[in-house]
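Visitor: Below you will find the structure I want to go over with you.
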Amino acid sequence: MNTKNKPALLQVRELSVEFPTRHGVLKALDRVSFDIAPGEILGVVGESGAGKSLTGAALIGLLEPPGRISGGEVWFEGQRIDKLGAAAMRALRGRKIGAIFQDPLTSLNPLFTVGQQLTETIQAHLPLNAAQARDRAIDLLRQTGIPAPEARIDQYPHQFSGGMRQRVVISLALAAEPKLIVADEPTTALDVSIQAQIIQLLKRVCREHGAAVMLVTHDMGVIAETCDRVAVMYAGRVVETGPVHQVIHCPAHPYTIGLMGSIPAMDEERERLLQIDGAMPRLNAMPPGCAFHPRCSQALPRCKEAVPQLLPVGATHAACWLHHSEGRA
Amino acid sequence: MSALVRVQDLSMRFDVSPPWLNRVLERKPRQFVHAVDGVSFEIPKGKTLALVGESGCGKSTVARLLVGLYRPSAGAMAFDGRDTREWFAAKDAQALRKRLQMIFQDPYASLNPRWKVGAIVAEPLTEQAILTDPAAIRARVAELLTLVGLNPADSAKYPHQFSGGQRQRISIARALATAPEFLVCDEPTSALDVSVQAQVLNIMKDLQQQQGLTYLFISHNLAVVRHMADQIGVMYLGRLVELADKPTLFATPHHPYTRMLLDAIPDIHLTGRSRVAVQGEVPNPLNPPTGCSFHPRCPHANARCALERPALNELKGIRVACHAVEEGRI
């Protein structure tokens, strides 16, 4: 595939991840493709087990064994990174690609002060001496809205509240000025009032530093107000992708329509919520054809036989046979 | 309309003092957390009162007090006109327990993994000696499972064979086994995905209409609360700061904390909107601020708010605890 003349920062092409088990190989990601442009915020949304966190982990080479990439390509700044060795990947992680995880307490080391953790990261990636690294760490803490950073830099993670810890994690991710940040459910562990602060912070600092973000979340509201584009995942596949406004207001895939209808809205009163019966199939019992067909009210005979491709529908791309008759597809 | 549940100045304080030896040797004082501090409300029959607030505001403690899992430190609760503090200790406490049941947050932790679903749902029936004939119990379990949209044949399975949403339905079936009038639901859908959450919320609404159930619905999600509730109470650090009918609360929120909460919710229909995030975090409940506990974060706070604790006063049909609202400053 020619990647040189495309402006995308990150290109994921037909990425598949599988887990070999005693009962056979489970396919957790099935030919996932998407692009992220420089400075863009891409939301990846889906229910638990849809493979959204796994996509993030696969990109930054942090798949837990026995999970492995079984196919596809990942290109970052024109370089193929899915086949990089552990050392080359480690050099890339933190320097070019930062990561923010869900639980800010477990992503910080409780035995070191936040200053030690920040300066370690800064010195690992940038040619700065200890004093310069400390200044930079204080500056980063100030940018992420931590009051009195000169004093708090010498404190331990347990002395910070949940929201403050997540601010520290964001400064860690930004420490080496990465081009891309993979943020996996960064606000899920926080209260709503803190959530709003962290989302705004993430949006602001990424804009200031020119970093693109892949924001993994199950919260459609967070996606709606943060992202430029969104990819909806279901059972290890991307079922719909497009500009966030289009996907929310005129979704094409029946799963996206159901997902939007099942969210209680703040601005309108509905007697009943739209519900999608059933639950997402387990990996060891994946139906043939489109994975959504057992729950889909509009399923066609064809849906049970062949997997639909992600093709343009109106302003978005959707993987659904309803929109691609054989002639058009 | 008569209130089925009436709560007056309910308080719960937990002793979190250091051990006796530390107190004596290191002269540490006794310490208490006021998890619930003077909460009053009533729930009319067949209606839903929702309590919302952030973690640590005491909403789950209220739920546990109401079903008798904790004994309140002060205040009164009445169910159907009778004082429940006395009723829970009385000889006929079974009669009360039969009439109120609880649904817990985590369907993975609230069902015994070693019991079959049939035994889980039948437990309240046998425990309360409502039915004794095994055939009658089986028939009632089948009826309950059907009611929540499961198959009667599911009673032979174990909880691990079900998804999160199905497990929460099993919890609901168990709670309905004694044909209660009042259900306390503590974050019943927070552990579930949105499409599954919709299934559970729809079932709960249908059951309320069919059986005239009264709910106390606890949630931190205002959108879910808006879908379920008739009346909404907003809690902050153990106190009720605003209590109003649903349409009033959403149309004209009065308390600054309620406004902040409403503003903090990301809404899917407002793409690209930038919100005014309120600064600061919930203070430590061990050492709550003086006066109004919200004043350090409140944009309308003045000297009076820092000194004097506002009471929950009636104002144009709603109840709100705020000096600024009372004085007409906001």
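Visitor: In peptide A:255-261, what is the residue-averaged number of other protein chain Cβ atoms found within 10 Å of each Cβ? Walk me through the intermediate numbers first.
Guide: Numbers: counts 1, 0, 0, 3, 5, 3, 3.
Other-chain Cβ atoms within 10 Å of each residue's Cβ, averaged: 2.
Visitor: Considering just Cα atoms, how many Å³ per residue does the convex hull of the range B:73-176 enclose? Could the numbers behind the result be given before it?
Guide: On the way: hull volume 13.2 nm³, N = 104.
Looking at the range B:73-176, the number lands at 126 Å³ per residue.
Visitor: So what is the 222 nm mean residue ellipticity for chain A from helices alone, if each DSSP H run of at least 4 adds -39500 (n - 2.57) and you divide by all residues, rounding to the nearest 500 deg cm²/dmol?
Guide: It comes out at -8500 deg cm²/dmol, rounded to the nearest 500.
Visitor: Okay, next question. Tell me, what is the percent relative contact order of chain B, built from C-alpha pairs under 8 Å that lie six or more residues apart? Present the calculation step by step, with values, prior to reporting the outcome.
Guide: Details: 588 pairs, mean separation 64.6, N = 330.
Over chain B, the number comes to 20 percent.
Visitor: Using a Debye calculation, one point per C-alpha and no hydration shell, please list log10 I(q)/I(0) for chain B at q = 0.09, 0.10 Å⁻¹ in order.
Guide: -0.53, -0.65
Visitor: Please return the longest range in chain B lying between exposed loop sites, taking chymotrypsin sites (Phe, Trp or Tyr not before Pro), DSSP loop only, at most 14 other beta-carbon atoms within 10 Å, and leaving the sites out.
Guide: It works out to B:116-330.
Visitor: A follow-up question, please. Return the Cα extents of the range A:210-329 along principal axes one, two and three, sorted largest first, each rounded to a whole Å.
Guide: Principal extents (largest minus smallest coordinate, Cα): 40, 40, 29 Å.
Visitor: Still on this structure, please answer the following. Would you kindly state how much longer the chain becomes between A:LEU126 and A:HIS245 on full extension, computed as 0.36 nm times their sequence separation minus their alpha carbon distance, in nm to one decimal?
Guide: The A:LEU126-A:HIS245 span can extend by a further 39.0 nm.
Visitor: Please compute the length gained on full extension between A:GLN298 and A:ALA265, using 0.36 nm multiplied by the number of residues separating them and subtracting their Cα-Cα distance.
Guide: Full-extension gain reported as 9.4 nm.
Visitor: Would you mind computing Rg(Cα) / (2.2 N^0.38 Å) for the range A:114-244, counting N as its residues?
Guide: Against the compact-globule rule of thumb, the ratio is 1.13.
Visitor: With 14 Å as the cut-off, how large is the P(r) tail for the range A:87-157, expressed as percent of Cα-Cα pairs?
Guide: 64 percent
Visitor: Using alpha carbon coordinates only, what is the Rg to Rh ratio of the protein assembly as shown, with Rh defined as the Kirkwood radius?
Guide: 0.98
Visitor: Reported to two decimal places, what Rg/Rh ratio describes the range B:126-230 when computed on Cα atoms with Rh from the Kirkwood expression?
Guide: 0.97
Visitor: Here's something else I'd like to know. Over the range B:1-77, what relative contact order in percent results from Cα pairs under 8 Å that are six or more residues apart?
Guide: Relative contact order for the range B:1-77 comes out at 44 percent.
Visitor: For peptide A:269-279, how many partner chain Cβ atoms fall within 10 Å of a residue's Cβ, on average?
Guide: Shielding by partners across A:269-279 averages 6.
Visitor: Further question: Which parts of the range B:168-206 would a label at B:ASP133 reach, counting a residue when its backbone N lies under 12 Å from a point 7 Å out along Cα-to-Cβ?
Guide: From the range B:168-206, the list is empty.
Visitor: Relative to 2.2 N^0.38 Å, what does the C-alpha radius of gyration of chain A come to as a ratio? Two decimals please.
Guide: 1.05
Visitor: Here's another thing I want to ask about it. Remind me, what semi-axes does the range A:43-101 give for its equivalent ellipsoid, largest first in whole Å, using sqrt of 5 times each Cα gyration tensor eigenvalue? Write out the running numbers ahead of the final one.
Guide: Values: eigenvalues 77, 37, 27 Å².
One finds semi-axes of 20, 14, 12 Å for the range A:43-101.
Visitor: At a Cα cut-off below 17 Å, give the aspartates and glutamates reachable from B:LYS28, other chains included and same-chain residues fewer than 8 away excluded.
Guide: Straight-line reach from B:LYS28, under 17 Å: B:ASP15.
Visitor: Set the Förster distance to 25 Å, then compute FRET efficiency between B:ALA311 and B:THR252 from the Cβ-Cβ distance, nearest 0.05.
Guide: 0.75
Visitor: Sorted from fewest to most neighbouring beta carbons within 10 Å, what does the list A:LEU310, A:LEU215, B:LEU25, A:LEU63 look like?
Guide: Details: A:LEU310 22, A:LEU215 29, B:LEU25 9, A:LEU63 17.
Least to most surrounded, the residues fall as B:LEU25, A:LEU63, A:LEU310, A:LEU215.
Visitor: Take each uninterrupted DSSP H stretch in chain B, measure its Cα extent along the helix axis, and return the ones at 24 Å or beyond whose mean Kyte-Doolittle hydropathy is at least -0.5. Show your work: numbers first, answer last.
Guide: On the way: long enough: B:194-211 (25 Å, -0.24).
Long hydrophobic helices here: B:194-211.
Visitor: Same structure, new question: Give the distance, in whole Å, between the Cα centre of the range B:11-64 and the Cα centre of the range B:127-174.
Guide: Value for the Cα centre distance between the two parts: 34 Å.
Visitor: Which ³J(HN,Hα) values, rounded to whole Hz and listed in residue order, are derived for the range B:43-57 from phi using the Karplus coefficients 6.51, -1.76 and 1.60 in 6.51 cos²θ - 1.76 cosθ + 1.60 with θ = phi - 60°, glycine and proline given as x?
Guide: Computed from phi, the couplings for the range B:43-57 are 10, x, 4, x, 10, 10, 9, 10, 10, 10, x, 7, 4, x, 8 Hz.
Visitor: Also, I was wondering about something else. Working from Cα positions, state the angle (0 to 90°, nearest 10) between the long axis of helix A:130-143 and the longest principal axis of chain A.
Guide: Helix A:130-143 and the main axis of chain A meet at about 50 degrees.
Visitor: Just for the Cα atoms in the range A:170-280, what are the lengths along the principal axes, largest first, rounded to whole Å?
Guide: 47, 30, 24
Visitor: Sticking with this one: B:SER17 versus B:SER190, label points 7 Å from Cα toward the beta carbon: distance in nm?
Guide: Each label point lies 7 Å from its Cα, and together they span 3.1 nm.
Visitor: Moving to a separate point now. Compute log10 of I(q)/I(0) for the range A:1-152 with the Debye formula, placing one identical point scatterer on every Cα and leaving out solvent, at q = 0.12, 0.14, 0.22 Å⁻¹, to two decimals.
Guide: Those come out to -0.66, -0.86, -1.42, one per q.
Visitor: Cross-link candidates for A:LYS304: which lysines have Cα within less than 26 Å, leaving aside residues fewer than 8 places away along the same chain?
Guide: Here the lysines satisfying the reach criterion relative to A:LYS304 are A:LYS27, A:LYS52.
Visitor: Another one. Could you work out the Rg to Rh ratio of the range A:13-56, with Rh taken as the Kirkwood radius (inverse of the mean 1/r over all Cα pairs)?
Guide: 1.06
Visitor: Now for a separate question. Take the Cβ-Cβ distance between B:LYS45 and B:ALA179 as r, set R0 to 25 Å, and report the resulting FRET efficiency rounded to the nearest 0.05. Write down the numbers at each step before the final one.
Guide: Numbers: r = 15 Å, r/R0 = 0.59.
It comes to 0.95.
Visitor: Averaged across the residues of B:188-200, what count of C-beta atoms belonging to other chains lies within 10 Å of each residue's C-beta?
Guide: 6
Where a number appears in this text, it was derived from the coordinates with a stated rule and is not lab data. Because the structure is a prediction, the values reported are computed rather than measured. For neighbour counting, all protein chains shown are included, and Cβ atoms are generated from backbone atoms with ideal geometry for every residue, glycine included.
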